[in-house]
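Readers should treat all values here as calculations from the given coordinates under stated rules, not as data from a laboratory. Because the structure is predicted, anything quoted here is derived from the model rather than measured. Backbone-built Cβ (ideal geometry, glycine too); neighbour counts: all protein chains shown.
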């Protein structure tokens, strides 16, 4: 364990987060998402795991070290519910709360149609599969920048 780091972040996840650059995207996926298949097509090329966590717990750990992009509207996204794209599932509301806390101000995630989400995930830097079993627990986070000191 390292001082100052969320213990839910394993070495592989930290390595990938550190390697990402501004604008790169990260997928946090539920257990039903075809994570391994999609992850093989990403820049990182291997599936990362945070198996024993919900999507919100994984997002909270990731956002403890990953800044979100402030230059774009699609800084974070959620997979839309098929047939009800404007509905926000409880798992999505939990992750939105985590994002709002990390950002310090409410910034709603964009909705991404299911198959568009799959296509976007293939272009992501990496995929993290969580232990989230609730449907529509799939999210995209876009890495931002850390500004210089004063």
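Between 45, 4, 83, which is loosely packed, with under 13 Cβ neighbours inside 10 Å, touching a helix residue (DSSP H, G or I) at 6+ places or on another chain (Cβ under 8 Å) and more than 13 Å from residue 141 (Cβ to Cβ)? If you could, list the steps in order and put the result at the bottom.
On the way: 4 fails: touching a helix residue (DSSP H, G or I) at 6+ places or on another chain (Cβ under 8 Å); 83 fails: touching a helix residue (DSSP H, G or I) at 6+ places or on another chain (Cβ under 8 Å).
That would be 45, the only listed residue that is loosely packed, with under 13 Cβ neighbours inside 10 Å, touching a helix residue (DSSP H, G or I) at 6+ places or on another chain (Cβ under 8 Å) and more than 13 Å from residue 141 (Cβ to Cβ).
Taking the conditions exactly as written (under 14 Å from the mean Cα position of the chain (by Cα) and in contact (Cβ under 8 Å) with a residue 60 or more places away in the chain), does residue 134 satisfy them or not? Talk me through it step by step, then tell me what you get.
Numbers: under 14 Å from the mean Cα position of the chain (by Cα): no; in contact (Cβ under 8 Å) with a residue 60 or more places away in the chain: yes.
So residue 134 does not fit the description; no.
Quick test of your reading of the structure: residue 129 fulfils all but one of (1) surrounded by 17 or more Cβ atoms within 10 Å (Cβ to Cβ); (2) over 10 Å from the mean Cα position of the chain (by Cα). Name the failing condition by number.
(2)
Under 21 Å from residue 53 (Cα atoms) and touching a residue at least 12 places away in the same chain (Cβ under 8 Å) - does that describe any residue in the stretch 105-113? Let's see the steps before the verdict.
Of the stretch 105-113, the ones under 21 Å from residue 53 (Cα atoms) are 109.
In the following step, the residues that additionally are touching a residue at least 12 places away in the same chain (Cβ under 8 Å) were identified as 109.
Looking through the stretch 105-113, at least one residue is under 21 Å from residue 53 (Cα atoms) and touching a residue at least 12 places away in the same chain (Cβ under 8 Å).
Any idea which of (1) closer than 28 Å to residue 11 by Cβ; (2) surrounded by 13 or more Cβ atoms within 10 Å (Cβ to Cβ); (3) touching a strand residue (DSSP E or B) at 6+ places or on another chain (Cβ under 8 Å) is the one residue 51 doesn't satisfy?
(2)
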